[in-house]
Each structure stands twice: as structure tokens, then as C-alpha cells.
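Q: Below: one structure in C-alpha cells.
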Amino acid sequence: MEPYLLKAQNGYLMFTINRPEKRNAINYEIIDGLHEAIEMMKKPELKGLVITGAGDNAFCSGGDLAVFHLLKTEQEAYGMLSKMSEILLRLLLLPKPTFAAMNGTAVGGGCELAAACDFRIAKKGVKAGFVQGKLAITTGWGGGTILAEKIPAANAIKMLMEARVYQTEELTNLGFIDYIIEENDLTFIHHIEKIFPLEGSVLAAYKAMLIRKWLAANIALRIEKEVRECAKLWGMEEHHNQVDKFMNNK
């Protein structure tokens, strides 16, 4: 089974994390796939990028611990963290609108991926949370910095420090979820087309306003500092102990 799927539909590129048996966890193949999707968005006929997960249970459960727990030192962790943070920064600054089609639960790095998208559209009943703190690390792909740009700062720090999973209504009140799809609605693409009927050039012009704001606010440098901080925590014994406990209790 292919780890990810890419499909152009009605002017949008749909990227699907195709690892339902791993709750659509991110590994190096998914990182490479996201890079491929971002490169494909240079095609003029594509007006937006939609990221989703396979199945009905998980949008993305973050990094695949079975793979990334093999990284023990600060230096080893930094290599992976910086690679994924580069993807999220490129996603954030993509000159076309991006959508996280949250078909299921998003936790940890899955929330960072969703935060990097311009809009988060979720099926009713979806849960999500930045739970990295429970593994004795911070967000490490730039998602914490990005989150503080997307929702009120007080709400962002609440989500990061509480490190818990929130219900759909709470996520909407916090400003994390922008739109909710009821069970009787049609596909995510249909929903996106209905909400955003403008021409692609108009959508891109509005996106450019946000990009100028983020560049002026030194977003890349701030994300790099977040990555460095996480890498230091990653190399500490407390983190590895917490991951071991989590893996043994699965």
C-alpha cells in the first residue's frame, strides 16, 4: 500500500496520508510526499492544496514513534525536526490557499500539520490536541509558533500548556477549527468549493497578504528557535522515559 496518495480534483490537489493502520502517523516517506505535493502546487491550474488522512479515525497522529524514537540525541532529533519544520514553513508560505480536511483525530504533530494550513475543516466529532508536552518535549516542527499566528495568543498557549485532547466544540471556540462538516454533508472538496467560490488568482492575492505579514514577523527564525528548543528536550532522559512508558502501554 502506498504511504500517501496524490490526486488532482476540480482544481485542487488532494494529499492523503495513507497509513490508517498507523493512525496516519508521519514517517520519512510522508515528509517526502508532502515535499512532492508542495512542488506540484507550482502548476498554474491548481488553486489550492487539501491535506487529509485515510479512513475515518485519524487525520494524523503526529510523528511515527516507532521510527522517530530511534533518534536519541539532540543532533539526531534536530535533523528530523528541521526537515519537517521546513515542510510546514513552505506549507505556511505556499502562495495558494491550503486546507486541513480533518477526517478524524489529530494529535501532536498532526495538529502542527493542521495548524500550518490556512483553514481547518473538520467532520463533526473530531478531536485534536497538542499533546507533545506529555512526552516531555515541546512542539518541534514549528507548529507552536504557527499556532500563535493563527488563533489568539492566550488560546494558543492554553492548548500547548494543557497538552490535552479537545472536543470539536472546544476546538471551534478556541479558533482552531474553522468549519465543521455535518455527517450528511458531501465530500471535503464539495464543501471547500461551496465556501471558497472565488477565482484562484483572487484567493492567491489574499494569501499574499498573510505571507507578507508572516515574513515581516521573522516567522522562519522563530520556527528555527522552536526546533532547536525541542531538539534539546528530545535528547534528555525525561523524554525517552515518557516515550518508553507510552509505547509499553499501547
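Q: Relative to the first principal axis of the alpha-carbon coordinates of the chain, what is the inclination of helix 153-162, with its axis defined by its Cα atoms, in degrees from 0 to 90 and to the nearest 10?
A: Roughly 40 degrees between the two axes.
Q: Okay, next question. List, in order, the whole-Hz ³J(HN,Hα) value for each residue of region 207-223 obtained from phi through the Karplus relation with A = 6.51, B = -1.76, C = 1.60 and θ = phi - 60°; use x for Gly and Pro.
A: My calculation for region 207-223 gives 4, 4, 4, 5, 4, 4, 5, 5, 5, 5, 8, 6, 4, 5, 5, 5, 5 Hz in order.
Q: Right, something else. Counting alpha carbon pairs within less than 8 Å and at least 6 residues apart, what relative contact order, in whole percent, applies to the chain? Can you show the working numbers first?
A: On the way: 459 pairs, mean separation 50.5, N = 250.
It rounds to 20 percent for the chain.
Q: Let me ask something additional. Tell me, what ³J(HN,Hα) does each residue in region 106-118 have, in order and in whole Hz, if you take phi through Karplus 6.51 cos²θ - 1.76 cosθ + 1.60 with θ = phi - 60° and put x for Gly and Pro?
A: Karplus-based 3J(HN,Hα) across region 106-118 equals 10, 9, x, x, x, 6, 5, 4, 5, 5, 6, 7, 5 Hz.
Q: Between GLY129, GLY11, GLY48, which gets the highest mean-square fluctuation from a Gaussian network model of the chain, Cα cutoff 10 Å?
A: In this elastic network of the chain, the residue with the biggest mean-square fluctuation among GLY129, GLY11, GLY48 is GLY11.
Q: Taking amide H positions as placed 1.01 Å from N in the peptide plane, with prolines and chain starts having none, which residues 5 or more places from TYR4, or on another chain, fall under 5 Å of its amide H?
A: Amide H neighbours of TYR4: ASN18.
Q: Taking Cα centroids, how far is region 110-133 from region 143-185 in Å?
A: Centre-to-centre distance over Cα atoms comes out at 7 Å.
Q: A further question follows. Using helices alone, I'd like the mean residue ellipticity at 222 nm for the chain: each DSSP H run of four-plus residues gives -39500 (n - 2.57), total over residue count, nearest 500. Intermediate values should be presented prior to the final figure.
A: Values: 11 runs with 122 residues, N = 250.
Result for the chain, helices only: -15000 deg cm²/dmol.
Q: GNM, the chain, Cα, under 10 Å: largest mean-square fluctuation among TRP214, TRP234, TRP141?
A: Result: TRP214 has the largest fluctuation of those listed.
Q: Give, rounded to the nearest 20 debye, the magnitude of the charge dipole that region 4-195 has about its Cα centre when Lys and Arg contribute +1 at Cβ and Asp and Glu contribute -1 at Cβ. Before the final figure, lay out the partial values.
A: Working: 20 positive and 22 negative charges, 11 e Å.
Taking the Cα centre of region 4-195 as origin, the dipole is about 60 debye.
Q: Something else about it: Comparing THR168, THR187, THR145, which has the greatest mean-square fluctuation in the GNM of the chain with Cα pairs linked when under 10 Å apart?
A: So, out of THR168, THR187, THR145, the one fluctuating most is THR187.
Q: I'd like the Karplus ³J(HN,Hα) series for region 95-101: coefficients 6.51, -1.76, 1.60, θ = phi - 60°, whole numbers in Hz, and an x wherever there's a Gly or Pro.
A: For region 95-101, the Karplus curve yields x, 9, x, 10, 9, 8, 8 Hz.
Q: If amide hydrogens are placed 1.01 Å from N in the peptide plane, which non-local residues have theirs closer than 5 Å to the one on ALA25?
A: SER61
Bear in mind that the values in this text are calculations on the coordinates, not laboratory data. Remember, predicted model here, so these are calculated numbers, not experimental data. Glycine gets a Cβ as well: all are built from the backbone with ideal geometry, and neighbour counts include every protein chain shown.
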